[in-house]
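Data first, discussion second: the structure below is written as structure tokens.
Values in this text are rule-based calculations from the coordinates and carry no lab data. A quick note: this is a predicted structure, and the numbers were derived from the prediction, not measured. Using ideal geometry, Cβ is built from the backbone for each residue, glycine included, and neighbour counts are taken over all protein chains shown.
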Amino acid sequence: MDADHLQRIFDEAVQAHGEGRLDEAEAGFRAVLEVLPHEGEALFGLGLTLMGLRRFSEAIPPLKAAAAEPGAEPVRFLCLAQGLYMTGAFAEAAETFAAVAHQDGFNDGARLTWARSAAYAALDDTDADSALALYGQIAGPVAEDLDTVAREGFSTLVAFERLAAARKLGQWLEARAPDDAIRAHELRVLTDPQIDRAPPAYVEALFDAFAERFDHQLLDNLEYQTPTLLAEMIGVADRRFTHMLDLGCGTGLAGPPLRARVARLTGVDLSTAMLAKAAERGGYDALVHAEAVAFLRETPDRFDLIVAADVFSYLGDLGDILAAAAGALSDDGLLAFSVEQGETWWRLLPSARYAHGDDYVRAAGAGVGLEVIQHRQTPLRRQADAAIPGGLYVLRKIRAA
Ligand SMILES: C[S@@+](CC[C@H](N)C(=O)[O-])C[C@H]1O[C@@H](n2cnc3c(N)ncnc32)[C@H](O)[C@@H]1O
């Protein structure tokens, strides 16, 4: 390949990156690197492109190589530092930010991520007060409120399974707000793996606080598609339904893809703020503020379709909810739901959600007269720099003999 041709591939890759055609940009930069494996601009372009594709771990080697070039510009260090932060390498991220902190282009955003990286890294060796004091020193006049830093730091450290460090922030937060149901439960989860379900007060507080950002965060940042995927699986049955229950309906993402197939649609949720969002979205005939198991046990209605998208992650032992769902289904009715797919049985995760094994789902369903008619394994959404493995299920209520 001659130099002009290579330059053209490089220029096209840069343009593709600028226009958001990231797959094409990746292919272009890789083509250049095949011929010139140490070309700094192409390494940097590839690293940036992989960051844009949220493949942070893969972005680190090319970004490191690009920053290691003699005379590399500060922007290469800044991108590398950001990538290290996104992969949970907080100490290395802090060192990399520090190396270019006095150079042009070091903005407030970089300073705040540097401060967070340094504080999270410090928690390995020091207490929460000292780590947060370090945060304040580095962030200086642009420092965020420490409660926010500690709250987001707790979730970030849990996501990267840095549990001892997370516990220190959790205890700091609990001491400042002992009545906070969210903090209390998330901290308890790190010490007691036997808890068999998330307390309703926790779920309600968590989603009331999350409702405003839920759709943007799940759809735009976390690549969440469970409601649509479950709707596709249900669609295979090519059936129309008389009454569908959207259990844990949240903001109502499962309503639209199924609405055309159902005559009546009811949503139930513990969070009033999530229900208000579902009401805004529209399409529901009724929205009910209730706990799922209690609702299923008490409702006089019979449903021929119950959908629970990303709801069973808040329950470990599924015995009660499956029995109650079987009771509220009509004969041949379908129950479609997702789980975070674990290896076996059920397990409380540091994220305060539960993972369920395929063996457990099948055994718990069979125990209450629900047979698995479809099962698909697929990533559920992103967490830290990985995707959460998921299991999507459709179960059918076996007709009484
Ligand atoms: C992750 S959101 C998913 C919302 C929606 N199904 C979707 O897929 O977009 C989980 C929802 O389930 C609700 N939820 C969790 N446990 C519940 C329970 N035991 N009873 C009623 N709602 C529950 C939460 O309030 C929250 O709105």
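At a glance:
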{"quantity": "Backbone HN-Hα couplings from phi across the range 277-287 [Karplus 6.51/-1.76/1.60, Hz, Gly and Pro as x]", "calculated": "5, 5, 5, 4, 5, x, x, 8, 7, 8, 10"}
{"quantity": "Using θ = phi - 60° and Karplus 6.51 cos²θ - 1.76 cosθ + 1.60, couplings along the range 255-261 (whole Hz; Gly, Pro as x)", "calculated": "x, x, x, 10, 3, 5, 8"}
{"quantity": "Helix 358-367 axis, angle to the chain major axis (alpha carbon atoms, nearest 10°)", "calculated": "10 degrees"}
{"quantity": "Anisotropy class of the range 1-116 from Cα gyration tensor, a/c 1.5 cut", "calculated": "prolate"}
{"quantity": "Cα-based shape type of the range 77-139, given that a ≥ b ≥ c are square roots of the gyration tensor eigenvalues and the cut on a/c is 1.5", "calculated": "oblate"}
{"quantity": "Rounded if a/c under 1.5, otherwise prolate or oblate - the range 255-348, Cα gyration tensor axes", "calculated": "prolate"}
{"quantity": "Amide H partners (placed H, <5 Å) of Asp196, local residues excluded", "calculated": "none"}
{"quantity": "In degrees, nearest ten, helix 319-328 long axis to first principal axis of the chain (Cα)", "calculated": "50 degrees"}
{"quantity": "Sequence-distant residues sharing a close amide H with Leu329 (under 5 Å, placed H)", "calculated": "Phe303"}
{"quantity": "Hits among aspartates and glutamates - C-alpha to C-alpha of Lys277 under 15 Å, sequence gap 8 or more where chains match", "calculated": "Glu204, Asp208, Glu212, Asp215, Asp246, Asp269, Asp285"}
{"quantity": "Sorted by Cβ density within 10 Å, fewest first, the residues Cys79, Cys249", "calculated": "Cys79, Cys249"}
{"quantity": "Between 0 and 90°, nearest 10: helix 108-122 axis offset from the chain longest Cα axis", "calculated": "70 degrees"}
